[in-house]
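The values are calculated or read from the model by the stated rules, or taken from the named source; none is laboratory data. Computed from a predicted structure; not experimentally measured. Virtual Cβ from ideal backbone geometry, glycine too; neighbours counted across all protein chains shown. Surface areas here come from the heavy atoms of the whole protein model, side chains and all, with no ligands, DNA or RNA. Shrake-Rupley method; radii C 1.70, N 1.55, O 1.52, S 1.80 Å.
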Amino acid sequence: MDYQDRGMKKWGGFLLSEHTEAMKTAEPLLTWKESITTEAIENVLGSAMTHSSMLVIQKKPLDPEAAPEKDIIGRISGVENNTIYIRNSEGIIPLSFSAIRNVEERSVEKWYK
């Protein structure tokens, strides 16, 4: 008689409640960053294009009472008219210049010594 182990399925009920609690406490709360001027946005984008550095972009809300969306993190892959194309791990994201609320240049941390 062969016994087929169900693997992690048998532990699912045991771990689920603790895992759920850990996930709730680990979720970062999204908050609105300070809205910056058009001139400041242009300066940061220009510097990022020159140095090919990473950007962290927060979009303006469509609804004034809406919660903030997750930040867009990536590099500028192109600019056309009033649209900036951001390349990240998920693909290329088109973003209107007027839709930017806050943008920060992020330096890449070395993972090696």
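Here's the yes/no breakdown for (1) within 17 Å of E39 (Cα to Cα); (2) open to solvent by less than 70 Å² (accessible area, probe 1.4 Å); (3) touching a residue at least 12 places away in the same chain (Cβ under 8 Å):
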position	(1), (2), (3)
M54	no, yes, yes
I57	yes, yes, yes
A67	no, no, yes
G74	no, yes, yes
T83	yes, yes, yes
N88	no, yes, yes
G91	no, yes, no
I100	yes, yes, yes
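Looking at E80, E65 in this structure, which one is closer than 17 Å to L30 by Cβ, at pLDDT below 95, over 15 Å from the mean Cα position of the chain (by Cα) and acidic (D, E)? Walk me through it before giving the result.
On the way: E80 fails: closer than 17 Å to L30 by Cβ.
It is E65.
Show the residue pairs meeting these rules: Cβ distance below 7 Å; 6+ apart or different chains; first residue within segment 20-49 and in contact (Cβ under 8 Å) with a residue 24 or more places away in the chain; second residue in a loop (DSSP other than H, G, I, E, B) and small (G, A, S).
Once the first residue is in contact (Cβ under 8 Å) with a residue 24 or more places away in the chain and sits in segment 20-49, its partners that are in a loop (DSSP other than H, G, I, E, B) and small (G, A, S) give L30/A67.
Kindly indicate the residue of segment 102-113 that is surrounded by 10 or more Cβ atoms within 10 Å (Cβ to Cβ) and under 15 Å from S53 (Cβ atoms) and also modelled with the lowest pLDDT among those meeting that condition.
Here is the first cut: in segment 102-113, the ones surrounded by 10 or more Cβ atoms within 10 Å (Cβ to Cβ) are 102-106.
Filter once more, so that each one left must be under 15 Å from S53 (Cβ atoms): 103-106.
On the way: V103: 95, E104: 94, E105: 92, R106: 86.
Filtering first and then ranking leaves R106.
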